[in-house]
Amino acid sequence: MTSTSPPSPPPFSLAEARGIVGDLFAPRPWIYWADFLASIVTGYAAFGLTRWLHDIRLEPLWLRLLLQAATFSVQCACFYRAVMFNHEIAHLPERRFRAFRVVWNLLCGIPFLVPSFTYATHLEHHRRHLYGTRDDGEYLPLASLSPWYFVLYLSQCLWIAPLAVVRFGLLTPLAWLSPRLRRLIDQRASSLVMDARHLRPLPTAAERWPSRLQELGCLLYLAGCLTVPPLVWNRPLIVLAIHAYVTSVVLVLFNSLRTLAAHRYTSDGHEETFLEQLLDSITLDNDSLAAVIVNPVGLRYHSTHHLFPSLPYHNLRAAHRRLLEQLPADSPYRLTVERSLLKVIGDLWRHATARAGSESQVATAYR
């Protein structure tokens, strides 16, 4: 009896797809400014309102907790959206959006300890010869790892913020004194990646000073957080620290869930073809509030983004709609479309569980 391999997907024409979305590549600066500023200002206002409701000891307690839950939810959704503009900054033309980059760092990147230089390596994830390989820091072969790795990956929401404080508050000044430590930090502790083993290339001369200035900004911000509340505002630092920590837990958890549903993570570490990379990426065609919150600034359309990384986020939805309408019915692009974030994560979990089970059975059989 002969086994038959699954049929290969039909070829995909990148030129045809580009022709469909060719007029959507121009970013509109006013949309970036309006969206980001509205998000960050609303987030800070909700943060302050949450603190104010605590300070005035509003009674009854259930009403205060209900109102704080509402303002805290708004705060987290807005802060998360503002932070995720870091992804757009990595793709935007630097000269044209230099002012936006500076303002984003001052209002968001530095206060949240995710300055833009930490995400500059994101472009490696879009290089076709690096995607899914050992050199792609934003990729892990999750479909073939132990299902328990999912638990470990999601648990990072509990310890990422303390590590960021240590990195910018302690290691930054020490690195000024030790070239050896500086090299270690540049390679091991300066990138927002999934794979902790990833080695970031050492910064070029052009990259060095912007990154050092952003590091200094983070250090000065942390110093201000330690001194201003107790000495100037006469407020206990512990309450603000707890509020900030819980906020960070929510934001990192959202981002972890988002990344788990961005790809199928089936690569085995070898260089993949363009079509394989496309089929490994996922677009969530879902306009629910939860999907929009967890996947802000166009990140729902991740396979669309991998097709055309320079498409601005505000045009990704239109591009996706056009591709669905105008590409052939058997286009591989349609295979990248899913409806539910939880289903995608569940499928990934089941794939890893099934693989772990089959490997266990093989190992038992050969004992």
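The values are calculated or read from the model by the stated rules, or taken from the named source; none is laboratory data. This one's a predicted model, so the numbers in the text were calculated from it and none came from an experiment. All Cβ positions, even for glycine, are placed from backbone atoms using ideal geometry, and neighbour counts span all protein chains on display.
What the table below lists for this structure:
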{"quantity": "The stretch 207-251, residues that are surrounded by fewer than 16 Cβ atoms within 10 Å (Cβ to Cβ), assigned to a helix (DSSP H, G or I) and among the polar types (S, T, N, Q)", "calculated": "THR227"}
{"quantity": "Qualifying residue in the stretch 304-313 (condition: modelled with pLDDT of 95 or more, more than 20 Å from the chain's Cα centre (by Cα) and surrounded by 18 or more Cβ atoms within 10 Å (Cβ to Cβ))", "calculated": "no"}
{"quantity": "Answer residue from the stretch 277-303, given it is among the charged types (D, E, K, R) and within 19 Å of ARG264 (Cα to Cα) and is surrounded by the most Cβ atoms within 10 Å (Cβ to Cβ) among those", "calculated": "ARG300"}
{"quantity": "Among the residues listed as ASP23, ASP55, the single one being at pLDDT 95 or above, farther than 30 Å from LEU192 by Cβ, exposed (fewer than 12 other Cβ atoms within 10 Å of the Cβ) and not small (Gly, Ala, Ser)", "calculated": "ASP23"}
{"quantity": "Answer from ARG258, ARG317, ARG264 - the residue that is under 14 Å from the mean Cα position of the chain (by Cα), touching a residue at least 12 places away in the same chain (Cβ under 8 Å) and within 30 Å of PHE112 (Cα to Cα)", "calculated": "ARG258"}
{"quantity": "Count - residues of the stretch 99-129 that are part of a helix (DSSP H, G or I) and either of a type outside the set (D, E, K, R) or at pLDDT 95 or above (or both)", "calculated": "21"}
{"quantity": "Given (1) in contact with a helix residue (DSSP H, G or I) (Cβ under 7 Å, 6 or more places away or on another chain); (2) at pLDDT 95 or above; (3) at negative phi, index of the condition VAL297 fails", "calculated": "(3)"}
{"quantity": "Failed item in (1) out of contact with any Lys or Arg (no Cβ under 8 Å at 6 or more places or on another chain); (2) surrounded by 15 or more Cβ atoms within 10 Å (Cβ to Cβ), with LEU184 passing the rest", "calculated": "(2)"}
{"quantity": "The stretch 130-166 - residue that is part of a loop (DSSP other than H, G, I, E, B) and of a type in the set (Ser, Thr, Tyr) and, of those, surrounded by the most Cβ atoms within 10 Å (Cβ to Cβ)", "calculated": "TYR139"}
{"quantity": "Only one of ASP55, ASP23, ASP35 that is acidic (Asp, Glu) and within 26 Å of the chain's Cα centre (by Cα)", "calculated": "ASP35"}
{"quantity": "Any chance ARG57 is basic (Lys, Arg), assigned to a helix (DSSP H, G or I) and out of contact with any strand residue (DSSP E or B) (no Cβ under 8 Å at 6 or more places or on another chain)", "calculated": "no"}
